[in-house]
Amino acid sequence: MKAFRSVTSTAVVLDRPDVDTDQIIPKQFLKRIERSGFGEFLFFDWRKDPEFELNHQRGKILIAGRNFGCGSSREHAPWALEDYGFEAIVAPSYGDIFRQNSLKIGLLPVELPADQVRDLMERARAGAELTVDLEARTAGGHPFVLDDFSRECLLEGLDEIGLTLREEAAIAAYEQSHA
Amino acid sequence: MGRTLFEKVWDSHVVTHGEGRPDLLYVDLHLVHEVTSPQAFEGLRLAGRKVRRPDLTVATMDHNVATGDDTPADPLSQQQLDALATNCAEFGVPLHATGSGREGIVHVIGPELGLTQPGMTIVCGDSHTSTHGAFGALAFGIGTSEVEHVLATQALSQRPARTLRIFFEGERAPGVTAKDLVLAAIGEIGVDGGVGHVIEYAGPAIEALSMEGRHEVCNMSIEAGARAGMIAPDETTFAYLRERGVEIDERWRDLPSDPDAVFDREVVIDVATVTPQVTWGTNPGMVASIDDVVPEPADEAAERALVYMGLEAGTPIREITVDRVFIGSCTNSRIEDLRAAAAVVQGRHVHPSVRAMVVPGSARVKVQAEAEGLDQVFTAAGFEWRRAGCSMCLGMNPDVLAPGERCASTSNRNFEGRQGAGGRTHLVSPEVAAATALEGHFAVPA
């Protein structure tokens, strides 16, 4: 997994609640068997609208509304966001599976209270650069919560499967006692 | 203190309690389909890893399958289906391929083949894995990185979810289905009402449901944002399992939540007030009674939804006309769903302005329906009778809506473009879908 420490950038503001993963990457692009190249199809249908936020804002940070990434479990959604150039997302809440998928690929999903997300949206709209710092666990100066294990995996870019394979003896013992 | 059903299943699957890391949870059954697995198998290959327990892994083909008799899958779909066959052969994973007679939607075949059992942990790279919670299993959707993790280790690092009990008090009125119960519950708590939670559905109206009805309810848990939904196993569960040759494990009787178990949150639904439901917007929480009108938009998201759906506030739901009707998907494609829809359309005909299709959830459901003559009922009424697959639930195959087409659908998601770019989806029960096909506008069975 790609390591993440911090990012400083302008931000894209997508102020809508309940953005589902079908919008982030529509179904016709899930037929690819590769892991890369999804960025050009990010928000494929919404980008047809010239007013759509992504068509006139730039940045490596996406600031979104509550329940971002709800719906389908497709990891293609974080793959597309990451491939497009986003390194971190800030939102009041996430679809559980999307959040988990993002953590697994080194795309940091920061969760902040709605009023703090609102503050960052206003600063981003004014063109300010924001810093999301995983070591300090802050986004635009607001402290955020992320468990130590996920943080460690992201900071070091750890291969979680490799970590679990070290528990082989425990897994085998579990299997034996439940056979 | 007593434990909940979720806590009992969780506790009995912990391989290691994390010191500074989440619990490592053992996975009893890993279901695999063609869309979310190719990159996971490729990851194993690149790292020189193998599938730890191919005997606890089962694959099927569903999302990309063309359901028309003569329609081939498009070349990209075919490539993905072929990749699954190659990967399963290389890694020794059993595959129910198209044409095997055991294939179908992954959440239909698991229960049907007797693989889904109470107290299990079940994962699949698909958010509707929550369906299997109907048996009192802890079943949830995962992404491709986690699919690879489970293939390699048969375990998953997880943090326990919070618990939410939705208690359905009272009895269903005639004509109210399991789909209506779960849509009403989502309307009540919202599409993010279950985020971070595992839902347990309980109460007399849940206990009264058939296994098929329980599948429907648990299936839609993810549409409330919940990771999983569960229903305590009981005699209904055991009878269903016995019919599929599964021996009843007496320990399953200890799974239901203890009377003094405490849930992090509780919601009560008064079932007597629930009526047939129809969604009017672009997420499953935007839902109303079929007797209502399209509501005044309460916020920007609702305004946007009405524009996308081409609807005006104040329009009676029953006056909305449809172009298409789809009966199928992992929510409503089981034999009981098809029987219910067939009973509505028996001896009648689909409205001339509607194109309607029925897509059985599995090859076995199709065979059984044909043995009961349901296919004849549907085709005589003007429905298309198709082969098993996910079909128009998500339009990864040739079954899609054209832009602007409006569809009454028994599936689970009315997201923008879900059934085809520009398509407009209204979620309903099989009974309402069938009646709507006959009338050309939203209707309940006569």
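Among the residues of the range A:9-31, write down those that are in contact (Cβ under 8 Å) with a residue 24 or more places away in the chain, more than 17 Å from the chain's Cα centre (by Cα) and surrounded by fewer than 20 Cβ atoms within 10 Å (Cβ to Cβ). Within the range A:9-31, A:29 is the sole residue that qualifies. Of the conditions (1) of a type outside the set (S, T, N, Q); (2) within 25 Å of the chain's Cα centre (by Cα); (3) within 27 Å of residue B:245 (Cβ to Cβ), residue B:69 fails just one. Which one is it? Every condition holds for residue B:69 apart from (3). Counted as qualifying within the range B:216-284 are the strands (runs of 3 or more DSSP E) with 1 or more residues that are more than 18 Å from the chain's Cα centre (by Cα), namely B:265-270.
Looking across B:123, B:147, one residue alone is β-branched (Val, Ile, Thr), more than 20 Å from residue B:220 (Cβ to Cβ) and modelled with pLDDT of 95 or more. It is B:147. Whether any residue in the range A:132-148 is in a helix (DSSP H, G or I), more than 11 Å from every other protein chain (Cβ to nearest Cβ) and not charged (D, E, K, R) is what I want to check. Within the range A:132-148, none of the residues are in a helix (DSSP H, G or I), more than 11 Å from every other protein chain (Cβ to nearest Cβ) and not charged (D, E, K, R). So, residue B:95, is that one at pLDDT 95 or above and within 13 Å of chain A (Cβ to nearest Cβ) or not? For residue B:95, the condition - at pLDDT 95 or above and within 13 Å of chain A (Cβ to nearest Cβ) - is not met. Of all residues in the range B:86-125, those being in contact (Cβ under 8 Å) with a residue 24 or more places away in the chain, assigned to a helix (DSSP H, G or I) and surrounded by fewer than 21 Cβ atoms within 10 Å (Cβ to Cβ) number 2.
Residue check: residue A:94 meets all listed conditions (1) of a type outside the set (A, V, I, L, M, F, W, C); (2) over 16 Å from the mean Cα position of the chain (by Cα); (3) buried (at least 21 other Cβ atoms within 10 Å of the Cβ) but one, namely (2). Screening the candidates B:74, B:70, B:82 for the property of being free of Cβ contacts under 8 Å to residues at least 12 places away in the same chain, among the charged types (D, E, K, R) and within 12 Å of chain A (Cβ to nearest Cβ) yields one hit, B:82.
Condition check ((1) within 14 Å of chain A (Cβ to nearest Cβ); (2) in contact (Cβ under 8 Å) with a residue 24 or more places away in the chain; (3) buried (at least 17 other Cβ atoms within 10 Å of the Cβ); (4) closer than 20 Å to residue B:412 by Cβ) across all residues:
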{"position": "B:169", "(1), (2), (3), (4)": "no, yes, no, no"}
{"position": "B:181", "(1), (2), (3), (4)": "no, yes, yes, yes"}
{"position": "B:197", "(1), (2), (3), (4)": "yes, yes, yes, yes"}
{"position": "B:202", "(1), (2), (3), (4)": "no, yes, yes, no"}
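Only one of the listed residues (B:386, B:406, B:418) is under 22 Å from residue A:19 (Cα atoms) and in contact (Cβ under 8 Å) with a residue 40 or more places away in the chain. That residue is B:406. The residues of the range B:58-67 that are within 12 Å of another protein chain (Cβ to nearest Cβ) and among the polar types (S, T, N, Q) amount to a single one, B:64.
For the range A:45-77, a residue qualifies if it is more than 8 Å from chain B (Cβ to nearest Cβ), without any contact (Cβ under 8 Å) to a residue 40 or more places away in the chain and crowded, with 18+ Cβ neighbours inside 10 Å, and exactly one does: A:46. With respect to the conditions (1) within 22 Å of the chain's Cα centre (by Cα); (2) β-branched (Val, Ile, Thr); (3) surrounded by 15 or more Cβ atoms within 10 Å (Cβ to Cβ), residue A:145 falls short on a single one, namely (3). The sole residue among B:319, B:266 that is touching a residue at least 24 places away in the same chain (Cβ under 8 Å) and touching a Lys or Arg at 6+ places or on another chain (Cβ under 9 Å) is B:266.
Which residues, taken from the range B:19-29, are at the interface with chain A (Cβ under 7 Å from one of its Cβ atoms) and not hydrophobic (A, V, I, L, M, F, W, C)? Hits for the range B:19-29 are B:20, B:21, B:22, B:26. Scanning the range B:346-368 for residues that are in a helix (DSSP H, G or I) and crowded, with 24+ Cβ neighbours inside 10 Å gives B:365, B:366.
The values are calculated or read from the model by the stated rules, or taken from the named source; none is laboratory data. What you are looking at is a predicted structure, and each value in this text was computed from that prediction instead of being measured. FYI the Cβ positions are ideal-geometry reconstructions off the backbone, even for glycines, and counts take in every protein chain you see.
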